[in-house]
Amino acid sequence: MASSDDRTLLRGAGLRVTQQRTAVLEALRQRPHSTADAVATRVRAELGTISRQAVYDVLSALEHASLVRRIEPAGSAAVYETRVKDNHHHLVCRDCGRIVDVACAIGAAPCLDPSDLAGFAVDEAEVVFWGHCPDCQPPQPPSATSTPPE
């Protein structure tokens, strides 16, 4: 069942309230940074049936209404999240693909100032930090400054 917040959110964006839309929103709240296929799997578990195309259509409508954000880390499938309009950034693991939200790097939006605006009126900066999550980091050798056991 759709929460009253979801109904208000959808109506406020000029969208009809449907089971599919509320189920997609809920799936993304439960597991941010999900691919469309992962969302479809969770929505099917809740509703019983929904086509992959219907999920893509819902995601597109929600993205167009600025209710979800689509990010596309290089070399990865697009993922979606419900955290929008706050200009946050992402940490992406090079090994497992895990994505974690990170607050703005420094300062107020758009967080970074380009060296040359080239006439643009910048309203958002998209920054992706790449590295290795804690689970994918190789074990670190003991520090040379640590004291040996007695």
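How big, in percent, is the set of alpha carbon pairs in the chain lying more than 22 Å apart? Please list the in-between numbers first.
Details: 5946 of 11175 pairs.
Percent of Cα pairs beyond 22 Å in the chain: 53.
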Requested in this report: Please report, in debye to the nearest 20, how large the charge dipole of the chain is about its Cα centre when each Lys and Arg carries +1 at its beta carbon and each Asp and Glu carries -1 there.
Outcome: 720 debye
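What FRET efficiency do you get for SER4 and ASP101 if R0 is 30 Å and r is their Cβ-Cβ distance, rounded to the nearest 0.05? Show your work: numbers first, answer last.
Details: r = 26 Å, r/R0 = 0.86.
It comes out at approximately 0.70.
Restrict the search to region 1-94; then list the trypsin sites (Lys or Arg not before Pro) that DSSP places in a loop and that have at most 10 other Cβ atoms within 10 Å of their Cβ.
On the way: sites: ARG7, ARG11, ARG16, ARG21, ARG29, ARG42, ARG44, ARG52, ARG69, ARG70, ARG83, LYS85, ARG94; in loops: ARG16, ARG83, LYS85, ARG94.
Those that pass, being in a loop and sparsely packed, are ARG16, LYS85.
No value in this document is a laboratory result; all are computed from the given coordinates. Because the structure is predicted, anything quoted here is derived from the model rather than measured. Glycine also receives a Cβ, built like all others from the backbone with ideal geometry; neighbour counts cover every protein chain displayed.
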